[in-house]
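Comments concern the structure below.
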């Protein structure tokens, strides 16, 4: 039957979650407004800037254009789920150590894209890194230190 | 954006019936990327959205040497990139998919959604046009197949009737030894093309060359440059021959001035990209 509101079940950062959603709701709204996980940011709202990037079943997506109902039965990872027991994820650590963060607004989405990249390709070339980050805009850094951080994180995550 | 009734039909027939029932108040959703974008901009406010995601096998990508490529309408752009068959045998399509949008777009956007939107600025369209792709269309209790060229009617208008859906794109087996090229000009790396051109060149042993050229974003619909193709057929494809025929590209395109550039800029761009695509495709062609 067609529906306007319903309940969905998904995993968010490893935890099972059951939430009521509207058909029109985006995954971004589900994360920020319903689950109050405000680490993921809204910027352009039309899938071009990447600030809202999360990993949906391991794949980077711009959550502002993903219908919330599409996450039913799937797993979502956001920036809040990266650090474990207070220990930063290697990508987070590399961003900090390489000075890849300025205002910080693009960073959660940027980091999730980087995590997605490195989990699929632990030894990316510089070209591959830049191509993978095409959908993540940063107005502050000029991307240089972000790219360096990704290389360093790749090495730390076990790539050589 | 306004809330809506979401329908999740389990078959194409059910989807088409739902569309027929709700007429103008219903919109189809594939990956939802373009649909949500249009709804957020306030350009669309459907009361009913018909999601195709629960129709089995609609996202399958199949390839065989005899039948060619069958791309289900809900296949993601990413699936094209992950397919070794596409990469090896349809490199123009693979290349177009690789520069389409961003990782995030390719993880959600579908081939069918991209084509059904009827946007002339589609990376996939020129590549599929030079591959002589066909559109398999499903309607209420009927199926039909048309060339992809006929599928595109006008800007944002396809040959789909209100109760029809694109079911799959079928691409014939690639001609042996064909050289292919995809050229794109864009403002930023995540952008829709300002202009995009695909070329395919065949060099038959003992007989003349064949050339196919398709252009996107340079008119209301993606097109094949038939006049140029006819002019170059049988010619020894030298740089001089290509340059001599380039003027015919202009007959195929009708660019408009907009934020991406002036019409005259786009015309010049079309010519430059066509030249590059033809030269590259021909250099890659192997005599068969």
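The values are calculated or read from the model by the stated rules, or taken from the named source; none is laboratory data. Small disclaimer: the values here were computed from a predicted structure and weren't measured. No Cβ is skipped: glycine too gets one built from the backbone with ideal geometry, and neighbour counts run over all protein chains shown.
Laid out as a table, the results:
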read-out: Residue check for residue A:74: in contact with a strand residue (DSSP E or B) (Cβ under 9 Å, 6 or more places away or on another chain) and more than 14 Å from chain B (Cβ to nearest Cβ); value: no
read-out: Qualifying residue in segment A:108-122 (condition: outside any helix (DSSP H, G or I), touching a helix residue (DSSP H, G or I) at 6+ places or on another chain (Cβ under 7 Å) and more than 23 Å from residue A:46 (Cβ to Cβ)); value: yes
read-out: Complete set of residues in segment B:172-227 that are within 14 Å of residue B:91 (Cα to Cα), assigned to a loop (DSSP other than H, G, I, E, B) and in contact with a helix residue (DSSP H, G or I) (Cβ under 6 Å, 6 or more places away or on another chain); value: B:174
read-out: Segment B:1-20 - residue that is out of contact with any strand residue (DSSP E or B) (no Cβ under 6 Å at 6 or more places or on another chain) and within 9 Å of another protein chain (Cβ to nearest Cβ) and, of those, surrounded by the fewest Cβ atoms within 10 Å (Cβ to Cβ); value: B:2
read-out: Residue ID - surrounded by the most Cβ atoms within 10 Å (Cβ to Cβ), chosen from residues in segment A:135-146 that are away from every other protein chain (no Cβ under 14 Å) and in contact with a helix residue (DSSP H, G or I) (Cβ under 9 Å, 6 or more places away or on another chain); value: A:146
read-out: Hits in segment A:100-121 - residues which are over 14 Å from the mean Cα position of the chain (by Cα) and within 14 Å of chain B (Cβ to nearest Cβ); value: A:120, A:121
read-out: Single unsatisfied condition, residue A:43 versus (1) in a helix (DSSP H, G or I); (2) within 14 Å of chain B (Cβ to nearest Cβ); value: (1)
read-out: Top-ranked residue of segment B:252-270 - restricted to ones that are part of a helix (DSSP H, G or I) and surrounded by fewer than 19 Cβ atoms within 10 Å (Cβ to Cβ), ranked as nearest to the chain's Cα centre (by Cα); value: B:267
read-out: Hits in segment A:1-34 - residues which are within 11 Å of chain B (Cβ to nearest Cβ), outside any strand (DSSP E or B) and surrounded by 14 or more Cβ atoms within 10 Å (Cβ to Cβ); value: A:2, A:23, A:24, A:25, A:27, A:28, A:29
read-out: Inter-residue pairs, beta-carbon under 6 Å, first free of Cβ contacts under 8 Å to residues at least 12 places away in the same chain and in segment B:216-237, second part of a loop (DSSP other than H, G, I, E, B), 6+ apart; value: none
read-out: Segment B:61-94 - residue that is in a loop (DSSP other than H, G, I, E, B) and touching a helix residue (DSSP H, G or I) at 6+ places or on another chain (Cβ under 9 Å) and, of those, nearest to residue B:133 (Cα to Cα); value: B:90
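Here is a yes/no grid of residues against (1) closer than 30 Å to residue A:17 by Cα; (2) in contact with a strand residue (DSSP E or B) (Cβ under 7 Å, 6 or more places away or on another chain); (3) modelled with pLDDT under 95; (4) within 14 Å of another protein chain (Cβ to nearest Cβ):
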position: A:62; (1), (2), (3), (4): yes, yes, no, yes
position: A:67; (1), (2), (3), (4): yes, yes, no, yes
position: A:79; (1), (2), (3), (4): yes, no, no, no
position: A:88; (1), (2), (3), (4): yes, no, no, no
position: A:92; (1), (2), (3), (4): yes, no, no, no
position: A:98; (1), (2), (3), (4): no, no, no, no
position: A:123; (1), (2), (3), (4): no, no, yes, no
position: A:133; (1), (2), (3), (4): yes, no, no, yes
position: A:156; (1), (2), (3), (4): no, no, yes, no
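Residue by residue, here is whether (1) free of Cβ contacts under 8 Å to residues at least 40 places away in the same chain; (2) within 13 Å of chain A (Cβ to nearest Cβ) holds:
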residue: B:22; (1), (2): yes, yes
residue: B:28; (1), (2): no, no
residue: B:37; (1), (2): yes, yes
residue: B:44; (1), (2): yes, yes
residue: B:55; (1), (2): no, no
residue: B:69; (1), (2): no, no
residue: B:85; (1), (2): yes, no
residue: B:88; (1), (2): yes, no
